Amino acid sequence: MQFAKALGLALALGLGGCASFTKDEVAPVDLPSMASYSNKPNVYVDFDFFQGAPDNAKANEVPQARDMLKPELKRAFDESGLFGRVSFDEFEKQPGDYSLRLKVYNHPPGGGQMVLAFISGFTFTIIPALATDQYTMSLETLDDQGQSLGKASNHDAINTWMGIWFLPLAGNTPKAAVTDTFSRQVNALLKNWVDNNRMKYSAVSVRVPRA
């Protein structure tokens, strides 16, 4: 049965059009400017991607998805201007660095999407099929012992339509939708983190000695 579902999905993607659209549950945010601060915190980020329900022990790690999204995560952290040094390798972590744990869970709302993909595939994608991927992201601050100091999360989703009717919209690729959703979710969590004063910054204080 699993093979039949996979084959149906492959046919749906291969023989017909595929167009993905973000649901935009997480709105774009403007990150605060830290240009007036001389000492920005250095952070170590532990990033993982899972397939399954959030915080479910049965959720499986997906290293391929994590590695695909890591460049986008690095870009988001670098362009935020919120940090001094950002490392994603635990061996590069230095004393005094903040420890953050970012988790992404990809979980479907139910099994109906695969069934629709199965039907669409074996009707040569004349009958359109819809697949919905949900993404729950959490950002957690940890102390030196690895204990949680605070955690925030958000949720978004992507709808992917499959069928010959969507060939004109094939430019709306799943990769583009995932990248857009991922970036908005990361930035929203970073803004929440700053707004809740979970980082301490040293303000610029320039004193000119008197002659």
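The listed peptides 54-60, 175-181, ordered by packing as a protection proxy, come out as 175-181, 54-60 (highest mean of other Cβ atoms within 10 Å first). The F91 and S36 beta-carbon pair, evaluated with R₀ = 41 Å, returns a calculated FRET efficiency of approximately 0.80.
Lysines within cross-link reach of K175: Cα-Cα under 28 Å, excluding same-chain residues under 8 positions apart? Excluding near neighbours in sequence, the set is K5, K23, K58, K70, K74, K103, K151, K191.
Counting beta carbons within 10 Å around each of R184, R66 and listing the fewest first gives the order R66, R184. Relative to the current alpha-carbon distance between D46 and N159, full extension at 0.36 nm per residue lengthens the span by 37.9 nm. The HN-Hα couplings worked out from phi for segment 175-189 by the Karplus form 6.51 cos²θ - 1.76 cosθ + 1.60 (θ = phi - 60°) are 4, 5, 5, 5, 4, 5, 5, 4, 4, 5, 5, 4, 4, 5, 5 Hz, whole numbers, x standing for Gly and Pro.
Each value in this text was obtained by applying a stated rule to the coordinates, not by laboratory testing. Quantities reported herein were computed from a predicted structural model and do not represent experimental measurements. Ideal geometry is used to build each Cβ from the backbone, glycine not excepted, and the neighbour counts take in all protein chains shown.
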